[in-house]
Structures are given as structure tokens and as C-alpha cells.
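Working notes, structure below.
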There are 2 protein chains.
Amino acid sequence: MAVPSQKHDVFQAIADPTRRQVLKLLGEQEMPVTVISGHFPMSRTAVSKHLRILADAGLVKERKVGRETRYRLDAEPLMELKRWLAYYERYWENKLNVLKRFVEADDGKSLFAGLEPVDPETKE
Amino acid sequence: MAVPSQKHDVFQAIADPTRRQVLKLLGEQEMPVTVISGHFPMSRTAVSKHLRILADAGLVKERKVGRETRYRLDAEPLMELKRWLAYYERYWENKLNVLKRFVEADDGKSLFAGLEPVDPETKE
DNA sequence: CTGTTATGAAACTAAAAGGTTTCATATCGA
DNA sequence: TCGATATGAAACCTTTTAGTTTCATAACAG
């Protein structure tokens, strides 16, 4: 119930440039497939498929209005991406990367190794 | 020169679960292909290909040490992802989403439309 | 009712992705 | 020098992906 069976995950969904553009477009405003596909050099059916993939990942929601289906952005699943990304932030935070990684990995023992191009390959 | 020709971009690179695991593994420590592939249920060659894709996206760096090649994480390209993601943060920040989007899009005119299920389909 | 519009499903295609196995090359160790 | 180790390149295979075209269905407008 929490995870709607998801054939496609967020990482996969945003891997395609077209789909990223679609997301951006739908951020502005809800719109039907025909309008969306007007922004792309491909058939409406192709865009429709992209929309299904996005919907699968939970990134867009659909709403029927008469004979048309309106699509809109749901950014919530991007939080997973954000969390994933957060893990790596420490690696680029600043010039202290090397030191920080070293300290965290080594728990403070041998504090001064690894600050030079010392290379763990000298391990024996 | 700035952009190293990149056949693969970051979005594509992290789309594959195996590659995400490789990244995580390499965050801990630099290591050669043989060691890396020991963590995966596939051939060394397959892992090697994943590494080339990651390297293509700039996410890993290689260093030759004798007969082996050591790979290590370079998280820098993930900043592009972070920037991309930042755009969407406003959509999940809090319950004021609807209001915020409306205000930003409309530049303050007609402040009270759109707060109800008003639906732009009533456009004529 | 009739024709037009909006859309998804189906069938098909070409190219890319993710693997495998085999082979060539370079470095190590003795 | 010789055999073992580490690795990338090549050729090949299978499944997915991104598109296309065609078709059926549902809702609208007269």
C-alpha cells in the first residue's frame, strides 16, 4: 500500500532527458497529453509512454476531465533521491574531504597518515 | 576540456542499482576491479563496464598501481544532480505548495484563485 | 445519430543496456 | 625466462528502451 508496486523507480524515471523536461513542464501547470507532446519532437503516443513511466515512479498524477486526462507533477518521490544524495554530500563539502574520510574510516587512529598521497597500497 | 566529452551523464550513471552500490562501496575506500566485483553476483568484466560508465560520468577516478587499477569515488558530478533537485524542493517544502506555486507563477495577480479545486479547465 | 477529438493499447522496430565468454597484454614473483 | 595474476577489449547474446504506426473506445458538439 505504501509502495504502489512500482515497476519503475525514481532513478530510472529521471534518467531520460525527455522525462526530465516533462517534469519541468508539469511543474508549471497541469496539462493533457496532447498539449505536453506539443513541446516535443515525437509522437503523442511516445510522450504518453513517458508519462506512464513517470506515473509508475509516482512522479506524476493523472486526473480525468471529460475526455481528456490531465497530468500534474508530484515531486514527493524525489525525496528518495534527496536522501540518497545526502549521503554523498560529505564528499564534496570542502577541501577537508580527505581528512574527514580518513578520520571517519579510521576512527582517529594514526591521524596523520593519508593526508599526503600516501596510498594504502603500501599495506604490507 | 571542462566537460570530458561524456558519453554518459550523471542521471544515466546512477540509474542502475549496481552502479549505485559500486559508488557506495568506493566511498569507503579505493579498490581494484577484482575486489569490487567480489561484492557482486556478476562477472568482473561486467563490473568493469559499469566502472567505465561511472568514469565516463566523472563519478569515479582511476589510478594505476602496478598491474592493478584502483578506483575511487569522485562525488563532484553529483552536484549537478543536487542543483537539478533543488529546483523541485519548493514543491514538497510544506503544505503551502499550492499557494506558493500559484503566487510564483502568477506574480501576485488574482491572489485567491487556484486555492480551491478551481481548475484551469474552466478557461472559456 | 454522426463526425470529430483525446487517449491508451497493441504490435512492431531499431538501438542501447547489461551480461557472458574468450583473448591479448602487462606486471609480478621466483 | 616462465607461470600466475589483473585487467581491458572484442565479439556475441538477450532484454529493455524509446519510438512509430495503426486501431478501438469514450466523450463532445451539432
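The values are calculated or read from the model by the stated rules, or taken from the named source; none is laboratory data. Since the structure is predicted, the reported quantities are computational estimates derived from the model, not experimental observations. FYI the Cβ positions are ideal-geometry reconstructions off the backbone, even for glycines, and counts take in every protein chain you see. Areas reflect the complete protein model, heavy atoms only, side chains present, ligands, DNA and RNA absent. Shrake-Rupley method; radii C 1.70, N 1.55, O 1.52, S 1.80 Å.
The figures follow:
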item	result
Residue in region A:16-28 that is open to solvent by 70 Å² or more (accessible area, probe 1.4 Å), within 14 Å of DNA strand D (Cβ to nearest atom), on the phi < 0 side of the Ramachandran plot and touching a residue at least 12 places away in the same chain (Cβ under 8 Å) present	yes
Positions within region A:17-56 being touching a helix residue (DSSP H, G or I) at 6+ places or on another chain (Cβ under 8 Å) and near DNA strand C (Cβ under 10 Å from one of its atoms), in sequence order	A:31, A:33, A:34, A:36, A:37, A:43, A:44, A:46, A:47, A:48, A:51
Number of the exception - residue A:68 against (1) more than 12 Å from chain B (Cβ to nearest Cβ); (2) over 28 Å from residue B:82 (Cβ atoms); (3) within 12 Å of DNA strand D (Cβ to nearest atom)	(1)
Tally of residues being within 8 Å of DNA strand D (Cβ to nearest atom) and within 9 Å of another protein chain (Cβ to nearest Cβ) across region A:29-65	1
Subset of region A:32-52 [of a type in the set (A, V, I, L, M) and buried (at least 19 other Cβ atoms within 10 Å of the Cβ)]	A:36, A:47, A:51
Test result for residue A:76, in contact (Cβ under 8 Å) with a residue 12 or more places away in the chain, acidic (Asp, Glu) and not in a helix (DSSP H, G or I)	yes
Condition met for residue B:69 (within 16 Å of DNA strand C (Cβ to nearest atom), in contact with a strand residue (DSSP E or B) (Cβ under 9 Å, 6 or more places away or on another chain), at pLDDT 95 or above and not in a helix (DSSP H, G or I))	yes
